[in-house]
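Heads up, the thing below is written out as structure tokens.
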Amino acid sequence: MSCFVGVKISYPSNINVSHQKICRCPAQASLKTIFNDENFGRRFWSCGKYKQNVNCGFFEWEDPEMCPYGRRVIHQLQECLEKIDKDKVDQDELAMLREKERML
């Protein structure tokens, strides 16, 4: 299971998209990415006032739905990245412990 499951990331307004969306408030909608099992890495537009606890409910997918094979590949790549990150942390901790042992 990915540590990113369900996390939504907001992108700045200068993101590389060919258009902007206006929600029903009206406000500039925010482009986000969702990381859950069904729509991993898929971008969507939502109400731009979400941080102000005001939400008109605007929602629209930016990306088409990904095929099951594509979702599986993306998940495998994410797992590889997480393993690399964990291995790096483990190596850093090991180096720190060896330094402490050397100092004793």
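Applying the criterion of at least 1 residues that are of a type in the set (Lys, Arg) to the strands (runs of 3 or more DSSP E) found wholly in the stretch 20-66 leaves 30-35, 42-46. Reported count of residues in the stretch 43-65, each being over 13 Å from Gln28 (Cβ atoms) and within 16 Å of the chain's Cα centre (by Cα), is 5.
Among the residues of the stretch 50-93, the one identified as surrounded by fewer than 12 Cβ atoms within 10 Å (Cβ to Cβ) and of a type in the set (Ser, Thr, Tyr) is Tyr69. Candidates are the residues of the stretch 1-27 that are open to solvent by 90 Å² or more (accessible area, probe 1.4 Å) and modelled with pLDDT of 80 or more; the one that is farthest from Ile74 (Cα to Cα) is Arg24. Among the numbered conditions (1) open to solvent by 60 Å² or more (accessible area, probe 1.4 Å); (2) modelled with pLDDT of 80 or more, the only one that Leu31 does not meet is (1). Of note, Asp37 satisfies the criterion of being within 15 Å of the chain's Cα centre (by Cα) and open to solvent by 80 Å² or more (accessible area, probe 1.4 Å).
The values are calculated or read from the model by the stated rules, or taken from the named source; none is laboratory data. Bear in mind that the values here come from a model prediction, so they are computed numbers and not experimental data. Virtual Cβ from ideal backbone geometry, glycine too; neighbours counted across all protein chains shown. Only protein heavy atoms, including side chains, enter the accessible area calculation; ligands, DNA and RNA are left aside. Shrake-Rupley method; radii C 1.70, N 1.55, O 1.52, S 1.80 Å.
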